[in-house]
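Report on the structure given below.
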Amino acid sequence: MVSIDMEKTGIRLYNLMIAHGTNPKKVSDRMGLSQMSVYKWTYGMTLPRIEHLMELSDMFGIPIEQMIVRKEM
């Protein structure tokens, strides 16, 4: 069974934002979301919807699979 490590995925998303010169506020403005929604991703409280993952993939120039961290079993 495959499971997503939400906390590590959130950290990875935040690090990708920083590496690409952006932050949760800029991402939320670009996507038309609340800042809290994006912060919840970075805190590992929620995951982005597939549409948002696709947009993040375009922003960061990497496949969706590289943004998601699998839980180690």
**Report entry** Loop-resident sites, the chain, for GluC sites (Glu not before Pro), counting at most 16 other Cβ within 10 Å (DSSP)
**Finding:** 72
Query raised in the report: Residue by residue, what Karplus-based ³J(HN,Hα) values in Hz, rounded to whole numbers, does the stretch 57-65 have, using 6.51, -1.76 and 1.60 with θ = phi - 60° and x for Gly and Pro?
Result: 4, 5, 4, 8, x, 9, x, 3, 4
Query - Residues whose placed amide H lies under 5 Å from that of residue 44, excluding near-sequence neighbours - result: 10
Query raised in the report: Between residue 15 and residue 2, 0.36 nm times their residue separation minus their Cα-Cα distance comes to what?
Result: 2.4 nm
Report task. Just check the stretch 6-66 against the gyration tensor rule for me: Cα atoms, a ≥ b ≥ c as the square roots of the eigenvalues, rounded for a/c under 1.5, and otherwise prolate or oblate depending on whether a/b exceeds b/c. Result -> rounded
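Tally Lys and Arg at +1 and Asp and Glu at -1 over the other residues with C-beta under 12 Å from the C-beta of residue 55: what net charge comes out?
On the way: positive: 30, 49; negative: 51, 58.
Residues near residue 55 contribute 0 overall.
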Query raised in the report: Can you list the lysines whose alpha carbon is less than 27 Å from that of residue 25, not counting same-chain residues fewer than 8 positions off?
Result: 8, 40
Report task. Report the local net charge at residue 39: Lys and Arg +1, Asp and Glu -1, summed over other residues whose C-beta lies under 14 Å from its C-beta. Result -> +1
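We did not get these values from a lab; they are worked out from the coordinates using the rules stated. Here the structure is a predicted model, which means the values were calculated and not measured. So basically every Cβ, Gly included, is an ideal-geometry build from the backbone, and we count neighbours across all protein chains shown.
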